[in-house]
Amino acid sequence: MLGNFKYHNPTKLYFGNQSLQFLNQELPEYGHNVVLIYGGGSIKKNGIYQAVMDILTKNNKNVVEISGVMPNPTLKKLYEGIDIARQHQADLLLAVGGGSVCDYAKAVAVSVHCDEDPWDKYFIRFEEPDCQLVPVGCVLTMAGTGSEMNAGSVITNSDTKQKIGHVFASEEVMPKFSILNPHYTMTVPEYQMKAGIYDIFNHICEQYFSGDDDTTSDYISEGLMRSVIHSSRIAIKNPQDYEARSNIMWTATWALNTLVACGKSSDWMVHMLGQAVGGYTNATHGMTLAAVSLPYYRHILPYGLPKFKRFAENVWGVQAAGKTDEQVAQEGLACMEAWMKEIGVAMSIRELGADETMLDELADATIILDGGYKKLGRQEIIEIFRESL
Ligand code: NZQ
Ligand code: ZN
């Protein structure tokens with residue numbers, strides 16, 4: 001660990017199939033006015049809405065709702081939510097849903113008392129909030145993003161086709177508490193479950209494929225990756241397997257709650273490529289990552305060969321004896337490809353709605369970062385998108 005860092009995560013977690021009861025402990029900590037935020041209605045079908053409402057009523061909260069938060073929440077929807085939260089003089093924003101709902105709640109939280117336009121301030125200029133924030137609590141219904149324990153928020157501006165994430169530096173943006181009941185994830189549609197699994201895996205990759213020094217963070221990452229590979233195979237066969245679903249949910253949280261980034265730089269280029277695709281196609285986040293990953297990793301492999309070799313051996317169990325480093329590293333990516341096909345994630349951006357005519361626009365929409373093994377040029381980005389078709 002050669003880097004200098006501070007580690008502090010203020011989000012309180014409640015985990016397990018009895019965890020919702022702890023909402024009773026949390027609610028008295030906040031004022032009377034609660035804004036309940038949720039998505040397209042899945043929580044009404046699976047009973048989570050009623051269970052949460054019962055607890056809110058029991059705690060005498062004055063509740064208004066923001067419903068219909070869509071996957072890849074839009075700026076237009078954000079403006080609507082800010083108005084509702086302002087009118088209600090919100091004391092707590094309670095997000096009940098997946099990453100989209102939780103991200104959205106954070107975006108509302110930093111905007112309610114802000115005089116400036118939130119898109120320009122937070123998603124174009126990447127500024128930190130300098131106003132009072134409304135606290136966010138989360139009841140998570142889907143595993144994937146890690147939004148339940150981080151300060152990230154991703155908003156899509158449909159007019160400009162920009163999907164932009166801001167990972168706020170301020171810990172104040174993180175949920176004050178998150179309730180994680182793995183049982184809730186069992187009603188997640190199969191496609192979304194698979195996308196969530198790949199999202200988790202890729203969050204770990206984004207932080208693993210960087211740096212040259214020996215860090216504990218990388219060993220933790222390898223363990224997390226092995227856990228998600230193992231549990232994904234069980235959950236795909238039997239989505240009702242509580243043990244596998246609970247491991248996936250817990251891994252998702254630790255994959256992106258700042259722990260495995262400690263002491264090193266991070267890459268995040270797969271997310272930048274995937275978000276560009278998401279902005280143009282509105283495709284499911286995890287699938288956009290899956291579709292661009294292998295062309296990207298095969299492209300940067302020569303620049304980070306020792307780490308790709310280590311990935312092959314420690315995550316996939318590739319035997320190195322008698323092989324060149326390059327062969328071992330390539331075998332690791334081949335194992336990853338086989339696993340991705342086995343669990344059934346998107347293997348091309350064409351199946352997500354992209355085609356040859358979009359390559360230039362996708363490249364223009366890709367934010368280029370330099371924390372990984374190779375800073376990409378525009379032509380390389382176009383090549384990677386072409387290979388992802
Ligand atoms: O809208 P509802 O009815 O809730 O249905 C949702 C939605 O259609 C459904 N769902 C969720 N829980 C369910 C369920 N259906 C049945 N039963 C349940 N228990 O699943 C669909 C997808 O939900 P969504 O919240 O969009 O999925 P996810 O958790 O993958 O979140 C994706 C968003 O998070 C952003 C992505 O870009 C995307 O906008 N990300 C946020 C990050 C962060 N905060 O750090 C990092 C990630 O890399 C990611 O970018
Ligand atoms: Zn992600």
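Observations, loosely collected:
- Matching residues, region 338-389, being in contact with a Pro (Cβ under 7 Å, 6 or more places away or on another chain) and either modelled with pLDDT under 95 or aliphatic (A, V, I, L, M) (or both): 384
- Summed over region 270-285, residues that are more than 11 Å from ligand 1 (Cβ to nearest atom) and outside any helix (DSSP H, G or I) total 0.
- Checking each residue in region 17-56 for being crowded, with 17+ Cβ neighbours inside 10 Å and in a loop (DSSP other than H, G, I, E, B) picks out 30, 39.
- Qualifying positions in region 248-263 - buried (at least 21 other Cβ atoms within 10 Å of the Cβ), more than 12 Å from ligand 1 (Cβ to nearest atom) and not hydrophobic (A, V, I, L, M, F, W, C): 251
- Count of region 84-102 residues which are of a type outside the set (S, T, N, Q) and without any contact (Cβ under 8 Å) to a residue 60 or more places away in the chain: 6
- Selection within region 117-141 - without any contact (Cβ under 8 Å) to a residue 24 or more places away in the chain and under 24 Å from residue 367 (Cα atoms): 117, 120, 121, 125, 127
- In region 152-167, of all residues being within 8 Å of ligand 1 (Cβ to nearest atom) and surrounded by fewer than 24 Cβ atoms within 10 Å (Cβ to Cβ), the one that is nearest to residue 274 (Cα to Cα) corresponds to 165.
- Whether a residue is hydroxyl-bearing (Ser, Thr, Tyr), open to solvent by 30 Å² or more (accessible area, probe 1.4 Å) and farther than 28 Å from residue 1 by Cα was assessed, and residue 178 does not pass this test.
- Applying a threshold of 9 Å to beta carbon distances and a minimum spacing of six or more residues, or different chains, the list of pairs starting in region 190-215 at a residue that is over 25 Å from residue 309 (Cβ atoms) and assigned to a loop (DSSP other than H, G, I, E, B) and ending at one that is open to solvent by 10 Å² or more (accessible area, probe 1.4 Å) and of a type in the set (Val, Ile, Thr) is empty.
- Scanning region 34-46 for residues that are of a type outside the set (Ser, Thr, Tyr) and touching a helix residue (DSSP H, G or I) at 6+ places or on another chain (Cβ under 9 Å) yields 34, 35, 36, 37, 39, 41, 43, 44, 45, 46.
- Tally, over region 232-241, of residues that are loosely packed, with under 15 Cβ neighbours inside 10 Å, in a helix (DSSP H, G or I) and within 15 Å of ligand 1 (Cβ to nearest atom): 0
The values are calculated or read from the model by the stated rules, or taken from the named source; none is laboratory data. Being a predicted model, the structure only gives us computed values, none of them experimental. Every residue, glycine as well, gets a Cβ built from its backbone with ideal geometry; the counts of neighbours run over all protein chains shown. Surface accessibility is based on the protein's heavy atoms, side chains included, excluding ligands, DNA and RNA. Shrake-Rupley method; radii C 1.70, N 1.55, O 1.52, S 1.80 Å.
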